[in-house]
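Taking it in order: structure first as C-alpha cells, then the write-up.
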Amino acid sequence: MKDLFGTAILDYQTNNSPKAIITETTISDADAMEVSYLFRSFNEMPKLEQKALQLAKGKILDVGCGAGSHSLYLQEKGLEVTAIDISENAIKACRLRGLTTTRVENILDLEEKEKFDTILLLMNGTGIFGTLDQTSNYLQKLKRLLSPNGQILIDSSDIIYMFDEDEDGSKWIPADGYYGELIFTISYKNQKEAPFPWLYLDYTTLQNAAHANGLECELIIEGEHFDYLARLY
C-alpha cells in the first residue's frame, strides 16, 4: 500500500499543497473528495456521527480513525480514547492535531488484554471487513475487545439504491456475491493505490451477522442517504 489516503491527510495537516482524493468503485465513476471533509468539527458532522459520539462512554477505541476528528472531539470532552489506523501518515497527522493515544495498528492485530467500553467504527465502519465472508472474523475480534457491558457503535449504508431497476421494479444485482462488496481504488496527486475490497452492509445483514456471532444488534438512527448507525453489544 502506498498510503495515499494517509498522505493526503498529512498533507492537509502540514499545509503541504493538499489535493482532492479521487475514489472509484466497481459500481461508481471517479469522484473527488476534499481532504478538508476529514477534518470537520462536531457541528459539521452528519447527525449519525454526532449521535455515535454522544453515545460513546468509558474507555473508547476509535478504529480506522483517519484524521482523528471523532477521537479529538471525545478527548476534548475528557474521555479516554485510543485512536488506531493502519495508515502511518494518518496517525502522524492525528498526533500533530493533539491526540495523546494513537497507534498504527490493524484491529485484527490488537492485543486482547486491553478491553474497551465503546468501540467506534464510523464513516462506513463495516468497510474494513472487506467482504461478507470476513465479517464474522472481525465481529469476533471486536467482541473479544469489549469490556463487560461494552458496546460497538458502527455505521454503514444499504447501497441497493445504486443498482438499476427492471420495469417491474426488481434490481439488477450481481449474482456472484453480496451486492455490498465493492472494490475501491484511490488516486492522489497522480498516484494510484492498489485496489482493495470495501464492504457496505445493509442493516438486516449486519443484524444477522451479529446474532450469528453472539452479539445483540440495535438500530440507533437512520440517515438521509440509506445510511444507519447500529449498536452491537
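Accessible surface area normalised per residue over the chain is 50 Å², counting heavy atoms of protein chains with a 1.4 Å rolling probe. DSSP bridge analysis restricted to the chain gives an antiparallel fraction near 60%, rounded to the nearest 5. Calculate, for THR100 and LYS57, the FRET efficiency according to 1/(1 + (r/R0)^6) with r their C-beta to C-beta distance and R0 25 Å; round to the nearest 0.05. Efficiency at R0 = 25 Å is approximately 0.85. Here the simple spin-label model places points 7 Å from the Cα toward Cβ, and for GLU44 and ALA32 these points are separated by 1.7 nm. What a 1.4 Å probe finds exposed on the chain is 47% carbon and sulfur by accessible area, rounded to a whole percent. For the stretch 1-55, the set of GluC sites (Glu not before Pro) satisfying both a DSSP loop assignment and a count of at most 16 other C-beta atoms within 10 Å is given as GLU34.
Placing one equal scatterer on every Cα of the stretch 17-149 and applying the Debye formula, the log10 ratio I(q)/I(0) at q = 0.09, 0.11, 0.15, 0.16 Å⁻¹ is -0.27, -0.41, -0.77, -0.88. For the stretch 9-68, the Cα gyration tensor yields ellipsoid semi-axes of 25, 17, 11 Å (square root of five times each eigenvalue, largest first, whole Å). On a straight-distance basis, which lysines could pair with LYS57 in a cross-link, Cα separation under 24 angstrom, same-chain partners fewer than 8 positions away excluded? LYS57 reaches LYS47, LYS77, LYS113, LYS115, LYS141, LYS143.
Direction-averaged projected area, Cα convex hull, the stretch 71-203: 11.1 nm², rounded to one decimal. With the charge dipole of the chain set up from +1 on Lys and Arg Cβ and -1 on Asp and Glu Cβ about the Cα centre, the Cα lying farthest toward the positive end among the listed residues THR26, ILE183, ILE152 is that of ILE152.
Across all directions, the shadow cast by the convex hull of the stretch 50-93 built on its C-alpha atoms averages 2.9 square nanometres.
Of all DSSP bridge pairs formed entirely within the stretch 6-123, close to 25 percent run antiparallel.
Pulled fully out, how much extra length does the chain show between ALA212 and GLU224, if you take 0.36 nm times their separation in residues and subtract their Cα-Cα distance?
Once the chain is fully extended between ALA212 and GLU224, it gains 1.5 nm.
Restricting the calculation to alpha carbons of the stretch 80-148 gives Rg and Dmax of 12.6, 37 angstrom.
Helices in the chain, meaning DSSP H runs of at least 4 residues, each add -39500 (n - 2.57). Divided by all residues, the mean residue ellipticity at 222 nm is -7000 deg cm²/dmol. With a cut-off of 11 Å, note down the residues of the stretch 213-233 whose backbone N falls inside the zone around a label point 7 Å from the Cα of GLN140 toward its beta carbon. Output list for this probe position: 213.
The values are calculated or read from the model by the stated rules, or taken from the named source; none is laboratory data. Quick caveat, the model's predicted, so the values are computed rather than measured. Methodologically, a virtual Cβ is constructed for each residue, glycine included, from the backbone with ideal geometry; neighbour enumeration extends over all protein chains shown. Only protein heavy atoms, including side chains, enter the accessible area calculation; ligands, DNA and RNA are left aside. Shrake-Rupley method; radii C 1.70, N 1.55, O 1.52, S 1.80 Å.
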